[in-house]
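See structure below.
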Amino acid sequence: MSISSNVEKTKRRIAEAAAKVNRSPNEVALVAATKNRDTNQIKEVIEAGISIIGENKVQEARKKIAFLGRNREKWHFIGHLQTNKAKIAVEL
Ligand SMILES: *Cc1c(COP(=O)(O)O)cnc(C)c1O
């Protein structure tokens with residue numbers, strides 16, 4: 001399945017789950033976990049309407065952010081963070 005159809009499917013599932021509990025789907029943040037994904041795939045997910053990118057390796061995030069720049073998407077750090085990497089994560 002393509003990235004954009006996965007995004008659509010996921011957004012639909014969020015909308016259905018939110019509707020069941022009378023909440024707005026806008027209250028749910030959809031984060032694309034992009035570890036082990038290349039920059040073309042990240043571009044594709046951003047173009048499909050994902051606005052939050054989740055990386056959990058500082059070195060990988062640094063390279064990807066440098067390559068893709070910072071545009072309309074936000075970068076989140078997800079998962080376990082080693083103490084010695086915290087400063088870099090904050091800077092990024
Ligand atoms: C990788 C990761 C995910 C997504 O897991 P997948 O198996 O790639 O779908 C979710 N949360 C965290 C913290 C992750 O590192």
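Points worth noting:
- For the pair K57 and S2, label points projected 7 Å from Cα toward Cβ lie 2.8 nm apart.
- Distance from the Cα centroid of segment 62-92 to that of segment 8-38 is 22 Å (rounded to whole angstrom).
- Positive dipole terminus of the chain, leading residue within I50, A33, L81 (C-beta point charges): L81
- Rounded accessible area of T10 (nearest 10 Å², 1.4 Å probe): 50 Å²
- Note on segment 1-49: Cα Rg divided by 2.2 N^0.38 Å, N the number of residues, gives 1.27.
- Ligands, DNA and RNA left out, the 1.4 Å accessible surface of the chain is 51% carbon and sulfur atoms.
- The stretch between N26 and R13, if pulled fully straight at 0.36 nm per residue, gains 3.4 nm over its current Cα-Cα span.
- The share of C-alpha pairs in the chain whose separation exceeds 19 Å stands at 45 percent.
- By the rule of a C-alpha distance below 28 Å, with chain neighbours fewer than 8 residues away ignored, the lysines paired with K87 are K35, K43, K57, K63, K64, K74.
The values are calculated or read from the model by the stated rules, or taken from the named source; none is laboratory data. In this text, all values refer to a predicted model and were calculated from it rather than measured experimentally. Every residue, glycine as well, gets a Cβ built from its backbone with ideal geometry; the counts of neighbours run over all protein chains shown. The protein model used for the area step is the full one, side chains on, heavy atoms only, and it has no ligands, DNA or RNA in it. Shrake-Rupley method; radii C 1.70, N 1.55, O 1.52, S 1.80 Å.
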